[in-house]
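One structure is given below, encoded as structure tokens.
The values are calculated or read from the model by the stated rules, or taken from the named source; none is laboratory data. Since we're looking at a predicted model, the values are computed, not measured. Note that each Cβ is placed from the backbone with ideal geometry, even for glycine, and that neighbours are counted across all protein chains shown. All accessible areas refer to the heavy atoms of the entire protein, side chains included, with ligands and DNA or RNA removed. Shrake-Rupley method; radii C 1.70, N 1.55, O 1.52, S 1.80 Å.
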Protein chains: 4
Amino acid sequence: MVNTIFDQLRQQEKENRRFAIVDVAEKILHDKGLEAVTIRNVAKMAGLSSGSMYMYFKNKEELLLCMLVQNLKVLKKDMDTCMDNQNPMEAIKKMAYHYKSYFIRFGKYINILSFTIREDSGFNNLNPEMVKELKDILSKLLALVQETLSAPPMKGALKGLPPERCVPVLWALIQGLVQITIPAPTPEDTFFDFDQLLEDVTHILI
Amino acid sequence: MVNTIFDQLRQQEKENRRFAIVDVAEKILHDKGLEAVTIRNVAKMAGLSSGSMYMYFKNKEELLLCMLVQNLKVLKKDMDTCMDNQNPMEAIKKMAYHYKSYFIRFGKYINILSFTIREDSGFNNLNPEMVKELKDILSKLLALVQETLSAPPMKGALKGLPPERCVPVLWALIQGLVQITIPAPTPEDTFFDFDQLLEDVTHILI
Amino acid sequence: MVNTIFDQLRQQEKENRRFAIVDVAEKILHDKGLEAVTIRNVAKMAGLSSGSMYMYFKNKEELLLCMLVQNLKVLKKDMDTCMDNQNPMEAIKKMAYHYKSYFIRFGKYINILSFTIREDSGFNNLNPEMVKELKDILSKLLALVQETLSAPPMKGALKGLPPERCVPVLWALIQGLVQITIPAPTPEDTFFDFDQLLEDVTHILI
Amino acid sequence: MVNTIFDQLRQQEKENRRFAIVDVAEKILHDKGLEAVTIRNVAKMAGLSSGSMYMYFKNKEELLLCMLVQNLKVLKKDMDTCMDNQNPMEAIKKMAYHYKSYFIRFGKYINILSFTIREDSGFNNLNPEMVKELKDILSKLLALVQETLSAPPMKGALKGLPPERCVPVLWALIQGLVQITIPAPTPEDTFFDFDQLLEDVTHILI
DNA sequence: CATGAATGAGACTTCATTCAT
DNA sequence: GATGAATGAAGTCTCATTCAT
């Protein structure tokens, strides 16, 4: 009931530890793939017992969702910085880079759709609040892109298509672009080059 | 030692059974999701013992890879039919539909990247021959698209970009397009509409 | 060392809190079943930390034992009120109702035998004092029944069997009666009807 | 499809092993109590891996249900032998003994009601066929008692109460009787004596 | 060839209990 | 006194894979 200063501290500490755990989980995700992201592994790497994991996350799904949200927040923040740019085309290119970074860091392993479109794929135990938070961030991201596309120099660039219809076009493009240019560990397995492709795309778009 | 007619028959039979098993696996994949694709489930549905599965596939991974190859073959065949089309733009739209179909049927569950870029994520035991076959089909697919883009009416359409550079642009676009328009079970969760988006994209491209 | 007035107060307060906790535990027991009666759940519902539970109960077993004792006390009190009744047969019927109430409230979930006959089944860490208290109440309950059976109108009712031998007969009957008439959630699964059965039993007895 | 002789053998063997496992489980139940009846413990004692337990039982609940059914079958068989008896009162006494034996062996630990009245108490995953079998045996048992009570010498014994209403009275009596005379490990903790009580009850009943 | 019983590691999760603060 | 974070053992269950028959 009483919200003592101590409670606040505790709350803060808990939040920090959640961050730390998510960081560890992300490292495992990146180093060994999604299958290696088990409660046990994460706990061990984070230096706690697997039982303790459940103090910070209701279950494994929540941990994953947390990772996604955290990554999206970073992405959002990165994208925000692009807004200052005078040249919207430049802004969009930068956004593409940020999305690439996000994708390689996280999106490559877990698709955002798994959470928003839950269907049956095992995500049923999620904290509704967190799901809401997720959808919020998503909306804001889309709004950001739309805003960029509505800026004067960009307006009408895409053959006069209204900005709200440009957004999905752009997103699809960037999403696909990033995906097919994911760098393989051995260069000869990497199909396409991101920078070249991005150049070509912007060339076509305007 | 001797390559009798019998050996050939056996070989052929084996191949047929592999097909049959893969079909079953695919049905399970689509009906119940990736998690339900277990060796046991597939074996039971196919009417053989789980032990026998290992006569046809070295591993579970190989089964999955086989599924991918089989699906890519279908995609390839579907795409081939688009070539006849007089109008390259129409051809490309049709290709997009075929890709969508492939994606919903298979690509949605298992990303091609998991196999080509193996890295770590658990695919280490693959038959190199099959991996080679996979890459072959992939190349052919890309060649097909490129061919379409090189046809006279299309030539120079994308702001004069040479066809080999148009291919990835197009692929990225379609890949992303399909991905972000995946229909959710509840309509209100489906973010964008495939047909609308496809319209807009083609409008912009030419 | 010195038994100050403060110590007494503390003692009293501790006792009160024990009561409160047991009440909470009972509510959980009835609402969600025995499995939900965990130290954590009880603590949370009672508004204290799980660690603090151990200030009031040596361990979980003791909490359960405490619940039993408290319920038996209520049963005893309820039964006491039956004594006033002029008609012993009526008194006995009322007792049966009280026992039924006790059974549905508590006995159904935790059998008294688990505590008195400890043997093995996990109850080894009990406070001997409490076990003694439990046995005391039990004795008093039996004495009560015997007293009722010794009252003039009842005397000799059960074919002249001496009261002390009637007690177990009666108890067995009531215990069994209550048990086999426990109401199932769906009426068609409830085997027998308590009231009817009670009628029949009394009809036979006298 | 084809029901070969081999399949039959296998079926039989599987059945036998189920029996064996149930036996082991029962031993554990009796020796260490219900809480000790874990899949792990049973598997270890039976000499298999815990994973293998799931070849024989869909889940833990099914194992328990199986134990119950098996025990009820024995009880039923035992009770059948009582029918020959010329004297129905003797038959009933013998039934009581058999029930006692069943109760000490099994009923004491797991109440039949837990299965038939499932409510929420954790039994939700049961094989409906087995539940049906359970209810069948139960019905037959009750029918048996009723038949005994309908035999001429018994007819009208219980103050003319019709046999179908005598059944629950009797069952309640025996159930309660057995329950309150359960022998404690230390004699001084055993409240009442079964034989004495049974004598008294029959004395009263007729 | 084919079978399916068996394995054993490992997944998630819960909970009574302890202990530094 | 009180707290609640942390533990660690134990629970149920699944699954790819092997191997005697």
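Laid out as a table, the results:
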| read-out | value |
| --- | --- |
| Charge dipole (debye, nearest 20) of the stretch C:1-57; +1 at Cβ of Lys and Arg, -1 at Cβ of Asp and Glu | 160 |
| Label distances, nm, B:T38 versus same residue in remaining copies, Cβ-directed 7 Å point | 1.5, 2.2, 2.5 |
| Other-chain or far-sequence residues with amide H under 5 Å of B:G33's (modelled H) | none |
| Relative contact order (%) - the stretch D:1-57, alpha-carbon pairs under 8 angstrom, separation at least six | 28 |
| Within the accessible area of chain C (1.4 Å probe), percent carbon and sulfur | 55 |
| Compactness of the stretch D:1-57 - radius of gyration and Dmax, Cα, Å | 13.5, 44 |
| Leading residue at positive end of dipole, the protein assembly as shown (Cβ point charges), from C:L161, C:I174, C:N3 | C:N3 |
| D:D189 paired with B:Q11, simple spin-label distance in nm, labels 7 Å along Cα-to-beta-carbon | 7.7 |
| Karplus 3J(HN,Hα) series, Hz, for the stretch A:43-48 with 6.51 cos²θ - 1.76 cosθ + 1.60 (x for Gly, Pro) | 4, 4, 5, 7, x, 10 |
| Whole-Hz couplings from phi, Karplus 6.51/-1.76/1.60, listed for the stretch B:161-178; x for Gly and Pro | 5, x, x, 5, 8, 6, 3, x, 4, 5, 4, 4, 4, 5, 3, x, 4, 4 |
| Teacher prompt: B:V74 distances to equivalent labels in other copies, 7 Å Cα→Cβ, nm | 3.8, 5.6, 6.3 |
| Buried accessible area, chains B and A (both chains, 1.4 Å probe, Å² to nearest 100) | 3700 |
| Cβ-Cβ FRET estimate between C:K58 and B:I104, R0 fixed at 41 Å, reported to 0.05 | 0.10 |
| Label spacing, shortest first and in nm, from A:D23 to its equivalents in the remaining copies (7 angstrom along Cα→Cβ) | 4.8, 5.4, 6.0 |
| Eligible lysines near A:K58 by straight Cα distance, threshold 24 Å, same-chain separation 8 or greater | A:K14, A:K27, A:K32, A:K44, A:K73, A:K132, A:K135, C:K32, C:K44 |
| Kirkwood Rh and Cα Rg combined as Rg over Rh, evaluated for chain C | 1.03 |
| In nm, spacing of pseudo-spin labels at B:T4 and D:F19 (7 Å Cα→C-beta vector) | 4.7 |
| Interchain or long-range residues, amide H under 5 Å from D:T190's placed H | D:A184 |
| Of all chain D residues, the one whose C-beta is nearest the axis that brings D onto B, in angstrom | D:G51, 3 |
| Percent RCO, i.e. relative contact order, over the stretch B:1-124, from Cα pairs under 8 Å lying at least 6 residues apart | 21 |
| Cβ-derived FRET efficiency at R0 51 Å, A:S150 paired with B:K135, nearest 0.05 | 0.75 |
| The stretch B:63-205, relative contact order in percent, only Cα pairs under 8 angstrom and at least six apart counted | 26 |
| Accessible surface, per residue, of the stretch C:1-57 when the full set of protein chains is kept, probe 1.4 Å, Å² | 72 |
| Chain B: angle of helix B:88-102 to the longest principal axis, Cα-based, in degrees nearest 10 | 30 |
| Cβ-placed point charges (K, R +1; D, E -1), dipole of chain B about Cα centre in debye, nearest 20 | 500 |
| Coil-residue chymotrypsin sites (Phe, Trp or Tyr not before Pro) of the stretch D:14-115, DSSP, other Cβ within 10 Å capped at 12 | none |
| Taking all pairs of distinct alpha-carbon atoms in the stretch B:148-206, Kirkwood radius in angstrom | 12.7 |
| Semi-axis lengths (Å, descending) of the ellipsoid that matches the C-alpha gyration tensor of the protein assembly as shown | 72, 36, 22 |
| Within the stretch B:134-206, trypsin sites (Lys or Arg not before Pro) in DSSP loop having at most 14 other beta-carbon neighbours inside 10 Å | B:K155, B:K159 |
